[in-house]
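A quick write-up on the structure given underneath.
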Amino acid sequence: MSELHYVDTHCHLMGEEFQEDLEEVIARCKEKHVDKLMIITLSLEETKKAIEFAKRNPENYKVAAGIFPEDVTKVDEKYWNAFF
């Protein structure tokens, strides 16, 4: 029987808490056969970082940008359009 491989469908790798050891986190994912990652972002800055990161391996890294419901009143047209 072949080994199972996994997809992490909701990871916040661009968060501040992962920046010091991001490469180690990625290495641990690979060791555990977590091959594909959906990187969730919560700000324009995180989204830009995630898109750049995902270019390393576009087949395995995908990005989903989000805005917390409590932050939606802070979003103006310029900020919203920056995501596109």
**Study point:** the chain: GluC sites (Glu not before Pro) in DSSP loop, at most 10 other beta carbons within 10 Å
**Key:** 3, 20, 59
Review point. Whole-Hz Karplus ³J(HN,Hα) for segment 61-66, in order, using 6.51 cos²θ - 1.76 cosθ + 1.60 and θ = phi - 60°, x for Gly and Pro?
Key: 10, 10, 10, 10, 8, x
Practice item. At most 11 other Cβ atoms within 10 Å and a DSSP loop assignment: could you name the trypsin sites (Lys or Arg not before Pro) in segment 51-84 that fit? Key: 55, 56
Exercise for review: Just name one of 84, 72, 11: the one whose Cα is farthest towards the positive end of the charge dipole of the chain (beta-carbon charges, Lys/Arg +1, Asp/Glu -1).
Suggested key: 84
Check your understanding: Got a sec to turn the phi values of segment 17-33 into Karplus ³J(HN,Hα) couplings, 6.51 cos²θ - 1.76 cosθ + 1.60 with θ = phi - 60°, whole Hz, x for Gly and Pro?
Key -> 5, 9, 5, 6, 10, 4, 5, 5, 4, 4, 4, 5, 4, 4, 4, 8, 6
Revision key, fill the gap. Magnitude of the Cβ-charge dipole (Lys and Arg +1, Asp and Glu -1) of the chain about the Cα centre, nearest 20 debye, reported as 360 debye
Review point. With the radius of gyration and the Kirkwood radius both derived from the Cα set of the chain, what is their ratio Rg to Rh?
Key: 1.04
**Study point:** Förster radius 22 Å - calculated FRET efficiency between residue 38 and residue 75 (Cβ-Cβ, nearest 0.05)
**Key:** 0.50
Check your understanding: How far apart, in nm, are two points set 7 Å out from the Cα along the Cα-to-Cβ line at residue 55 and at residue 68?
Key -> 2.9 nm
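Only the coordinates and a few stated rules stand behind these numbers; no lab work does. Model, not experiment: these values are computed from the prediction. FYI the Cβ positions are ideal-geometry reconstructions off the backbone, even for glycines, and counts take in every protein chain you see.
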